[in-house]
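**Student:** Take a look at this one; I'll ask things after.
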Amino acid sequence: MANPTPLTPQGYLLARTRWHPLEILFWLATLLPFLVFPNYLSLASQIAITALFALSLDIILGYAGVVSLGHAAFFGIGAYSAAIFSKHVWGEPFSGLLVAAALAGLFGYATSFIISRFRHLPLIMITLGLGLLAHEVANSAHWLTGGSDGFQGVSTEPIFGLFRFDLYGKTAYAYSLAALFIVFLCARRLINSPFGLALRGIRENWNRMPAIGADSRAHIRKAYTIAAVIAGICGALLTQTTNSASLESISFQRSADVLVMLVLGGAGRLYGGLIGAAIFMIARDQFSGIAPQYWYFWIGILLVTVVMLLPNGILGGLSKLLGRWSRK
Amino acid sequence: MLPPIFGVLFDGIAYGMLLFVLSVGLSVTLGLMNFVNLAHCAFAMLGGYVTVTLVNIFGWPFLATLPVAFVAAAVTSVVLERLLYRRLYRASDLDQVLLTIGLAFISVSVAAYIFGTIQQPIATPAALRGSFDFFGIGLGKYRLFLIGIALLVTLAMVIGLEYTRFGAQVRASVDNQRMARGLGIDVDWTFASTFALGSGLAGLGGALAIEIVGLDPNFSFTYLVYVLIVVSVGGLGSIAGSFAAAMLIGVSDIAGKYYVPELGAFLIYLVMVVVLMWKPAGLFGKR
Amino acid sequence: MSAVDNNAGIALATRGLSRSFGSLVVARDIELNLPVGARYALIGPNGAGKTTLINLMTGMLPPNQGQIILGGEDITALSPQARVKRGLARTFQINSLFAHLNPLEAVTLAVCERRGISSRFWQNVAVNKDAIEEAYEILAKLKLGDVAYQTTRELPYGRQRLLEIALALATKPKVLLLDEPAAGVPQEESGDIFEVVAGLSNDLTLLFIEHDMHVVFRFATHIIVLVGGAVFTEGSPAEISADPGVREVYLGKRHHG
């Protein structure tokens, strides 16, 4: 493609943040389930929530390079906050969502002071430890969370007092998809912001950042808090759309699954987590007949393959393929 | 009569010894190559299933299966090291985490496929059943045996690392890999053999663990958490650190479950987070 | 706190700076004074502690003893990034760049950090016209304008060396410490890099490490010779080249070797 007028530096950066036609196509495609798969709207809603969760991990892992094995802690905090709020205060969903986001953000901010001190193996251990700790707290606080029996008594009122959460998941999917899209817009803006640039700088070269005057730890604290807020929203969405909350929402399994989805799709690419989540959830649904332990056999094979052959995930592999193809 | 706290302490120490045998190999290989191996307990589980199979199907005596569990885990680990791990020594932590979590997932499925998801029964020799009465508290014979084995392993490792040529090579490689290479030490070979030994010990630990904690396909993950806690609290590459941390975690876990059962596993996670915040490199860590 | 602090016109000074690793002394009681606008060279045999001295001054390595004084202010206790904010920048002997960013993004990042807008997560980076144009001007000045949009890792090595300097300049330093700016660059190109260095503003105080004596004698107004972690001697290029001791420890072995 010949471009006769060379871009100004500002014009160049602006052009990089423009919407690609494929992106618009992607978001149009998210509306398909309403028309084509009306029987799968509940699943679609779960996918949207999980995709948002993967996006939240992408901000810290894909952009700032902070590996977390305990991200479900914030998901769980959001899930239980929304559940407790609906039971003891009121069932209006938006306020529940906000409370959940705020609480998860608060915990994220508090723990970000710990997280930002560590890197490499100690960081993996600390996030794993904090995640397991959160799970244990939720398990022990039976009086509050219902422990392993699950939380009883979530009641979510209709959205705007009009749209009831129906059996087919129509409202649920619309609600989750709207949340996903709005938060995605914010995340997209964040990635294209000066702050997003700083996060990429941290990922690319931690050691250089202080030499250009950057306080990487402050950046990481901020990114971690934002990711926690988003994860909290995801947890609340799951509680509200399923009218239940359980220990599963705060388990190590969830932390590991979201990591797998993100890496499968391609970390550091915004859409990687979304696509990874969709593939993961659809595959799990299709193979729901087989016992979970065999499902994880394929996940394991997939992980080994991705690490060995597709280091940048599906999206990374695709863009490499496209690059090679267009160069010919 | 001794108060029950001594019984709790005894069980805690025995449990700590088990954790030590399970985790010391990981600590050494982590310190040596900085490789995050989350599949370590899959090797332990392999040892466990080897013992179960030999005892229950082939009628071997329990004690005779222990060396086989060791060898099976060691050999399997070295095959995987040559095929997969070796290619990721210079890769990011994340890639190492993903590869080894993948292997752990696979191990869970394979175990469930072959042996089912039930807890495996094991017949220990009559001599190891029951307990001694020691001033009013019961000391389980099997636990005494476990402590004995763990002390033997510790002794063998200390002697092996301090007084043999191989040990000197391992220590040199842990301290400064580049210098070790410069001195003509074959670091790759040193690592492969240390890795095999560490995984072999895990296999032995897995076999010894059946009587205490049972064996099912989730062993790869359930005990991974404990092992990682021991390793990170103790400090990478430090045998003394792993030993101290295993005791600390073993005793806190048993004491916690005995005195404040409602806290569950809360206590050990708390111990870990507090220790790491105080000393990010672990109790005996250098880095 | 001491009488030396009233030295006017000193951009960067060290007082009794020392550091050792066990029994290995890498910096021994180093006293330096860099006047404003200086063009100083730091030379010495391999392992003399030249890079260590830069690490000490920029805060990447804490000293055991001594002070670092930037523009009359004791900065010894400050973090590396706080020193950068006060005007002390450095480059690295081995490229330390952002491999997957392009030069425009990397320098814009550094400019945003200096302007204190790098934590704005709510606005598009492209709206900061001034910051972007400033970044591009720095790149253009260092002859990197034509590769501003190419991924850093794909740039020729010599261009990457210039980007090292561009990143440091984006922090608007008062004092710039250059650790072998032309390291690894073929001799015929290293002159280009030093031409760029020599063309920097006269207000900027420069200290550079360099092995090539032709380059040192051509660009430095003053030379500090470091041997075994201590200042062996210092003086004008003429004095240093005439010093028989320097010839022995350094020039004799490296020059015309």
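The values are calculated or read from the model by the stated rules, or taken from the named source; none is laboratory data. This one's a predicted model, so the numbers in the text were calculated from it and none came from an experiment. Using ideal geometry, Cβ is built from the backbone for each residue, glycine included, and neighbour counts are taken over all protein chains shown.
**Student:** Somewhere in the stretch A:122-136, is a residue closer than 21 Å to A:SER86 by Cβ and touching a helix residue (DSSP H, G or I) at 6+ places or on another chain (Cβ under 7 Å)?
**Tutor:** As a first pass, look at the stretch A:122-136 and keep what is closer than 21 Å to A:SER86 by Cβ: A:134.
Those left that are additionally touching a helix residue (DSSP H, G or I) at 6+ places or on another chain (Cβ under 7 Å): A:134.
Yes: the stretch A:122-136 contains one or more residues that are closer than 21 Å to A:SER86 by Cβ and touching a helix residue (DSSP H, G or I) at 6+ places or on another chain (Cβ under 7 Å).
**Student:** Name the single residue, out of those in the stretch A:198-217 being surrounded by fewer than 24 Cβ atoms within 10 Å (Cβ to Cβ) and at the interface with chain C (Cβ under 7 Å from one of its Cβ atoms), that is nearest to A:GLN46 (Cα to Cα).
**Tutor:** A:ARG200
**Student:** Kindly check whether there is at least one residue in the stretch B:119-136 that is in a helix (DSSP H, G or I), surrounded by 15 or more Cβ atoms within 10 Å (Cβ to Cβ) and among the small types (Gly, Ala, Ser).
**Tutor:** no
**Student:** Can you tell me which condition A:GLN152 does not meet? The list is (1) within 30 Å of B:ASN34 (Cα to Cα); (2) more than 8 Å from every other protein chain (Cβ to nearest Cβ), and all the others hold.
**Tutor:** All conditions are met except number (1).
**Student:** Then there's this: Can you find a residue that is within 23 Å of the chain's Cα centre (by Cα) and assigned to a helix (DSSP H, G or I) anywhere in the stretch A:4-18?
**Tutor:** Taking the stretch A:4-18 and keeping what is within 23 Å of the chain's Cα centre (by Cα), we get A:17-18.
Filter once more, so that each one left must be assigned to a helix (DSSP H, G or I): none.
Looking for residues that are within 23 Å of the chain's Cα centre (by Cα) and assigned to a helix (DSSP H, G or I), one finds none in the stretch A:4-18, hence no.
**Student:** Then there's this: Please verify whether the stretch A:90-110 includes one or more residues that are surrounded by fewer than 23 Cβ atoms within 10 Å (Cβ to Cβ), within 13 Å of chain B (Cβ to nearest Cβ) and not in a helix (DSSP H, G or I).
**Tutor:** No, the stretch A:90-110 contains no residue that is surrounded by fewer than 23 Cβ atoms within 10 Å (Cβ to Cβ), within 13 Å of chain B (Cβ to nearest Cβ) and not in a helix (DSSP H, G or I).
**Student:** Also, I was wondering about something else. Looking at A:GLY129, is it touching a residue at least 12 places away in the same chain (Cβ under 8 Å), facing chain B (nearest Cβ under 10 Å) and either surrounded by fewer than 19 Cβ atoms within 10 Å (Cβ to Cβ) or not in a loop (DSSP other than H, G, I, E, B) (or both)?
**Tutor:** yes
**Student:** Where residues in the stretch C:100-117 are farther than 11 Å from C:ALA131 by Cα and within 21 Å of the chain's Cα centre (by Cα), which of them is farthest from the other protein chains (Cβ to nearest Cβ)?
**Tutor:** So the residue we want is C:PRO103.
**Student:** On to the next question. Working only within the stretch A:13-41, note down all residues that are surrounded by fewer than 18 Cβ atoms within 10 Å (Cβ to Cβ) and either in contact with a Pro (Cβ under 9 Å, 6 or more places away or on another chain) or polar (S, T, N, Q) (or both).
**Tutor:** Within the stretch A:13-41, A:THR17, A:ASN39, A:TYR40 meet the criteria.
**Student:** Moving on to the next point. When B:PHE219 is evaluated against the numbered criteria (1) more than 16 Å from B:THR29 (Cα to Cα); (2) away from chain A (no Cβ under 14 Å), which criterion, by number, is the only one it fails?
**Tutor:** Result: B:PHE219 fails condition (2) only.
**Student:** Follow-up. Counting only residues that are closer than 16 Å to A:ALA15 by Cβ and within 8 Å of chain A (Cβ to nearest Cβ), how many does the stretch C:134-152 have?
**Tutor:** Residues that pass the stated criteria total 3.
**Student:** Among the numbered conditions (1) at pLDDT below 90; (2) more than 30 Å from A:GLY268 (Cα to Cα), tell me where B:SER92 comes up short.
**Tutor:** Result: B:SER92 passes all but (2).
**Student:** Go through the stretch A:132-147 residue by residue and tally those that are within 10 Å of another protein chain (Cβ to nearest Cβ), over 21 Å from the mean Cα position of the chain (by Cα) and on the phi < 0 side of the Ramachandran plot.
**Tutor:** 6
**Student:** Then there's this: Among the residues in the stretch A:165-177, are any without any contact (Cβ under 8 Å) to a residue 24 or more places away in the chain, over 20 Å from the mean Cα position of the chain (by Cα), more than 9 Å from every other protein chain (Cβ to nearest Cβ) and assigned to a loop (DSSP other than H, G, I, E, B)?
**Tutor:** yes
**Student:** I've got another one for you. Could you identify the single residue in A:SER45, A:SER56 that is among the polar types (S, T, N, Q), within 30 Å of A:ILE126 (Cβ to Cβ), under 21 Å from the mean Cα position of the chain (by Cα) and assigned to a helix (DSSP H, G or I)?
**Tutor:** Sole residue among the options that is among the polar types (S, T, N, Q), within 30 Å of A:ILE126 (Cβ to Cβ), under 21 Å from the mean Cα position of the chain (by Cα) and assigned to a helix (DSSP H, G or I): A:SER56.
**Student:** Out of the stretch B:181-214, which residues are hydrophobic (A, V, I, L, M, F, W, C) and either farther than 16 Å from B:GLY237 by Cα or touching a Cys at 6+ places or on another chain (Cβ under 8 Å) (or both)?
**Tutor:** Of everything in the stretch B:181-214, those that are hydrophobic (A, V, I, L, M, F, W, C) and either farther than 16 Å from B:GLY237 by Cα or touching a Cys at 6+ places or on another chain (Cβ under 8 Å) (or both) turn out to be B:LEU183, B:ILE185, B:TRP189, B:ALA202, B:LEU204, B:ALA207, B:LEU208, B:ALA209, B:ILE210, B:ILE212, B:VAL213.
**Student:** Considering only residues that are hydrophobic (A, V, I, L, M, F, W, C), within 14 Å of chain A (Cβ to nearest Cβ) and touching a residue at least 60 places away in the same chain (Cβ under 8 Å), which ones fall in the stretch B:246-270?
**Tutor:** B:ILE249
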